[in-house]
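A quick write-up on the structure given underneath.
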């Protein structure tokens with residue numbers, strides 16, 4: 001299958017198609033051939049005392065809002081819980097094992113195999129204690145399969161290099177099903193700006209953008225918005241510490 005050259009070549013959320021819900025502890029939406037924005041993080045990346053309260057509040061939300069979730073409920077979930085986690089991640093909590101270029105290279109290299117066969121990688125960034133990815137699945141592959149593969153391989157390889165054992169990644173991950181072209185470019189912009197908003201120097205992160213993503217974000221109409229409007233939109237997202245849900 002040819003590499004996508006624009007968002008016209010991608011499949012976004014289809015409200016008429018079947019929608020699967022993942023079996024993980026967090027609500028996950030899965031749809032064949034769809035495009036996703038995913039975040040996963042190191043096991044020690046969130047302060048324990050904050051995580052305990054977060055889990056309690058999340059459990060209460062899930063108990064009062066059982067699946068299947070509507071688009072509005074999914075947005076509310078990420079607004080209340082995902083955004084908080086990602087703001088904490090940017091503070092650099094934990095041992096930040098991925099700050100080391102050697103360990104970060106293991107994670108970065110894991111996204112290349114099967115690109116074009118099981119998925120298309122559009123943009124990703126490996127930060128000191130977390131990863132953001134924007135990618136499309138290729139049928140018949142499901143969302144959980146590549147996540148398990150990436151996390152399992154990198155955990156084993158990195159622990160072996162460091163001479164350690166035990167959990168490397170947090171079990172859960174956060175995902176958003178991309179709804180349209182505007183949502184796609186907001187996510188691509190968020191990935192590009194994450195190192196800047198988290199105040200990371202160039203040697204502390206690894207960024208990838210597919211050619212059409214890089215060309216578009218570098219164009220005069222940055223991210224699909226007039227160049228004059230782009231800084232204020234990005235600044236608002238960064239100041240709020242929130243990823244682009246829609």
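The values are calculated or read from the model by the stated rules, or taken from the named source; none is laboratory data. These numbers come from a predicted model, not from an experiment. Glycine gets a Cβ as well: all are built from the backbone with ideal geometry, and neighbour counts include every protein chain shown.
Quick look at the values:
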| read-out | value |
| --- | --- |
| Odd one out for residue 131, checked against (1) under 16 Å from residue 39 (Cβ atoms); (2) modelled with pLDDT under 85 | (2) |
| Exclusive hit being touching a strand residue (DSSP E or B) at 6+ places or on another chain (Cβ under 7 Å), modelled with pLDDT of 90 or more and either closer than 21 Å to residue 127 by Cβ or surrounded by fewer than 15 Cβ atoms within 10 Å (Cβ to Cβ) (or both), set 207, 162 | 207 |
| Index of the failed condition, residue 193 passing every other in (1) within 24 Å of residue 84 (Cβ to Cβ); (2) in contact (Cβ under 8 Å) with a residue 60 or more places away in the chain | (2) |
| Contacts under 7 angstrom Cβ, first residue in segment 35-58 being on the phi > 0 side of the Ramachandran plot and at pLDDT 90 or above, partner surrounded by 16 or more Cβ atoms within 10 Å (Cβ to Cβ) and not in a strand (DSSP E or B), 6 or more apart | none |
| Yes/no for residue 82 being within 27 Å of residue 125 (Cα to Cα), touching a strand residue (DSSP E or B) at 6+ places or on another chain (Cβ under 6 Å), at pLDDT below 85 and surrounded by 13 or more Cβ atoms within 10 Å (Cβ to Cβ) | yes |
| Test: residue in segment 132-147 that is assigned to a helix (DSSP H, G or I) and surrounded by fewer than 16 Cβ atoms within 10 Å (Cβ to Cβ) | yes |
| Among the residues listed as 9, 14, the single one being at pLDDT 80 or above, closer than 20 Å to residue 184 by Cα and surrounded by fewer than 16 Cβ atoms within 10 Å (Cβ to Cβ) | 9 |
| Selected residue (criterion: nearest to residue 212 (Cα to Cα)) from residues of segment 98-114 that are in contact with a strand residue (DSSP E or B) (Cβ under 9 Å, 6 or more places away or on another chain) and at pLDDT 95 or above | 111 |
| Within segment 148-180, tally of residues that are within 25 Å of residue 200 (Cβ to Cβ) and part of a helix (DSSP H, G or I) | 10 |
